[in-house]
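Since the structure comes first, as structure tokens, the remarks are kept for the end.
The values are calculated or read from the model by the stated rules, or taken from the named source; none is laboratory data. Because the structure is predicted, anything quoted here is derived from the model rather than measured. All Cβ positions, even for glycine, are placed from backbone atoms using ideal geometry, and neighbour counts span all protein chains on display.
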Amino acid sequence: MPTLSQFGSPWLHHASCGSTSDEARALGKAGKPHGTVVTADAQTNGRGRQGRSWFSPPGDNLYLSLLLRPSLQPRDVPLLTLCAGLAVESAALDCLRSAGFAASESPLLLKWPNDLLATTPDGLRKVSGILTEMTLVGSRCDFVIVGIGVNVSGLHFPDDVPAISLRKLLGSDAPPLPVHDFALSLLDHFEPLYQRFVSDGSSWVIEAFSARAHLTAPGRRLHVQTASGKLSGDSLGIDHDGALLLRRDDGYVERLLSGDVSFGTPPL
């Protein structure tokens, strides 16, 4: 099992690239080691789940991909997304607290399976998104790329992008937040979570994420867009393998391993 302090060795930074995850995948295929980090000041082809693009202007925000070579069964790899979500939230909370936010005032909310949101007067806005991609050799996991985008200091987003940065949560007159420092904090939080997951299994990950993912807590009314259609129902929480359990209006319980969750009005 890898020891601590391997995340970020080596660390490759680009002024601009298509996607840090594409760069990291190429490095994985070339045999680069576990813990390799790729960052960029800007991405020209940043992406999120379900083929969505990720708004990636230069300089203000974090675009990071981490190459992992875990001793995991392929079925367990998606849970790394939950580990990453816990790490992103912890780093973001540290950032807000250091600027004077009280813990009880935090607007941050984990959203299953891969987003960190913030409550604002204009509704929920995205702070971070995570995309975990696995490469197999036969039936074995060869390596995993965990791509993480965090809106750290950007103040301006397109009207059709419901996003907000940590800096903007502090107020538009707040000074820029150091993106590299945030990246270091994120990796410092993520590595021990990863180590514990590899050594101790998934049950604590599910428990920790469920305790902090209030948006999908049991009893919440949810609407989920999946690859096969739209579903509505009441959450039964997160299952042992990270699946969201949704009791449909007809009583049938769906186990969802992925999907785009919304709240309130059903998706159009």
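Assess whether GLY35 counts as being at pLDDT 95 or above and either surrounded by 15 or more Cβ atoms within 10 Å (Cβ to Cβ) or within 11 Å of GLY149 (Cα to Cα) (or both). The answer is yes for GLY35.
Here the stretch 62-88 is the region considered, the condition is being within 16 Å of LEU131 (Cα to Cα) and polar (S, T, N, Q), and the residue that is surrounded by the most Cβ atoms within 10 Å (Cβ to Cβ) is SER65. Of all the criteria given as (1) part of a strand (DSSP E or B); (2) out of contact with any Ser or Thr (no Cβ under 7 Å at 6 or more places or on another chain), the one not satisfied by ASP142 is (2).
Of PHE190, PHE182, PHE143, all but one fail to be in contact with a Lys or Arg (Cβ under 6 Å, 6 or more places away or on another chain) and of a type outside the set (A, V, I, L, M); the exception is PHE143.
A single entry from ALA26, ALA91, ALA42 fulfils the requirement of being surrounded by 19 or more Cβ atoms within 10 Å (Cβ to Cβ) and modelled with pLDDT of 90 or more: ALA91. Of the residues screened, PRO113 is one that is within 15 Å of PRO78 (Cα to Cα), in contact (Cβ under 8 Å) with a residue 60 or more places away in the chain and assigned to a loop (DSSP other than H, G, I, E, B).
Applying the condition of being touching a residue at least 40 places away in the same chain (Cβ under 8 Å) and not hydroxyl-bearing (Ser, Thr, Tyr) to the stretch 243-258 and asking which residue is surrounded by the fewest Cβ atoms within 10 Å (Cβ to Cβ) yields LEU257.
If only residues of the stretch 101-152 that are under 23 Å from LEU193 (Cβ atoms) and acidic (Asp, Glu) are counted, the one that is surrounded by the fewest Cβ atoms within 10 Å (Cβ to Cβ) is ASP142. Looking across the stretch 221-242 at every residue that is out of contact with any helix residue (DSSP H, G or I) (no Cβ under 8 Å at 6 or more places or on another chain) and within 28 Å of PHE197 (Cα to Cα), the one that is surrounded by the most Cβ atoms within 10 Å (Cβ to Cβ) is identified as VAL224. Scanning the stretch 7-45 for residues that are over 20 Å from the mean Cα position of the chain (by Cα) and in a loop (DSSP other than H, G, I, E, B) yields SER9, PRO10, ALA15, SER16, ALA30, GLY31, LYS32, PRO33. Tell me, please, whether a residue that is farther than 30 Å from GLY100 by Cβ and either assigned to a strand (DSSP E or B) or not β-branched (Val, Ile, Thr) (or both) can be found in the stretch 153-160. Within the stretch 153-160 (the criterion being farther than 30 Å from GLY100 by Cβ and either assigned to a strand (DSSP E or B) or not β-branched (Val, Ile, Thr) (or both)), the answer is yes, since at least one residue qualifies.
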